[in-house]
Amino acid sequence: MRRDDVYFGALGLAVALSGVVAVLRGVGVSVTDPNAIVPLVTVAGTFLVWRGIILLLVGWLFLSNVTDGLDDRENQATVVMASLMLWIVAGADLLSRVLGAIPGGSDVWLAGPVEVVAALGPPYGPALLFAPLALVALRYRHSSDGDDQ
């Protein structure tokens with residue numbers, strides 16, 4: 001078993017669990033917000049069901065390709081694709097935070113630096129926390145085969 005199999009297996013499990021929590025909270029099931037346990041993480045916001053479904057699928061893609069083995073180039077490509085899905089959700093979350101800092105109104109189009117920095121502070125959604133951890137998948141772009149680990 002390769003080191004990256006264990007890494008992406010653990011990452012896939014964590015992403016899938018956060019996706020399940022997001023879907024359950026999105027459909028109205030009374031699940032405790034992780035912010036009560038870990039103040040850095042929150043599962044809330046708009047389009048929670050869809051973000052949860054995407055996170056659940058990303059976790060499933062990580063886990064299914066890890067169980068098949070990341071020696072295969074096709075499995076590595078699927079891990080990169082799953083990471084890309086995670087980065088898109090994280091980017092949308094980050095963009096909504098920055099745009100949410102703009103106070104609004106017909107005469108206000110920009111937010112000051114204080115508002116932007118305050119909007120970028122914790123708590124963070126699961127996609128924003130897991131996106132940097134998925135950057136490891138970029139190493140598969142340049143490797144010619146899977147036996148370098």
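Taking the accessible area of the chain, probe 1.4 Å, and keeping the other protein chains in place, the carbon and sulfur fraction comes to 70%. Here the dipole of the chain is about 340 debye; that uses its Cα centre as origin and unit charges on the Cβ of Lys and Arg (positive) and Asp and Glu (negative).
Taking amide H atoms as placed 1.01 Å from N in the peptide plane, the amide H of Val41 lies under 5 Å from those of Tyr124, each 5 or more residues away in sequence or on another chain.
Here's the picture: charge each Lys and Arg Cβ at +1 and each Asp and Glu Cβ at -1 in the chain, and of Leu94, Pro39, Leu13 the one pushed furthest to the positive end of that dipole is Pro39. With each label modelled as a point 7 angstrom along the Cα→C-beta vector, the Glu115-Glu74 pair spans 5.1 nm.
Treating each Cα of the chain as one equal point scatterer and applying the Debye formula with no solvent, the log10 of I(q)/I(0) at q = 0.09, 0.12, 0.17, 0.18 Å⁻¹ comes out as -0.34, -0.56, -0.94, -1.01.
Semi-axis lengths, largest first, of the ellipsoid equivalent to the range 48-89 are 21, 10, 5 Å, with √(5λ) applied to each eigenvalue of the Cα gyration tensor. With runs of 4+ DSSP H residues as the only contributors, calculate the mean residue ellipticity of the chain at 222 nm using -39,500 (n - 2.57) per run, divided by the residue total and rounded to the nearest 500. -19500 deg cm²/dmol, from helical runs alone. Average accessible surface for the range 1-104: 54 Å² per residue, computed with a 1.4 Å probe over protein heavy atoms with every protein chain in place. Considering only C-alpha atoms, what is the centroid distance from the range 93-111 to the range 1-30, in Å? One Cα centre to the other: 31 Å.
The values are calculated or read from the model by the stated rules, or taken from the named source; none is laboratory data. On a predicted model such as this, the values are computed, not experimentally measured, just so you know. Reconstructed Cβ throughout: ideal geometry from the backbone, glycine too, with neighbour counts over all protein chains shown. Please note that ligands, DNA and RNA were not included when accessible areas were found on the heavy atoms of the full protein model with its side chains. Shrake-Rupley method; radii C 1.70, N 1.55, O 1.52, S 1.80 Å.
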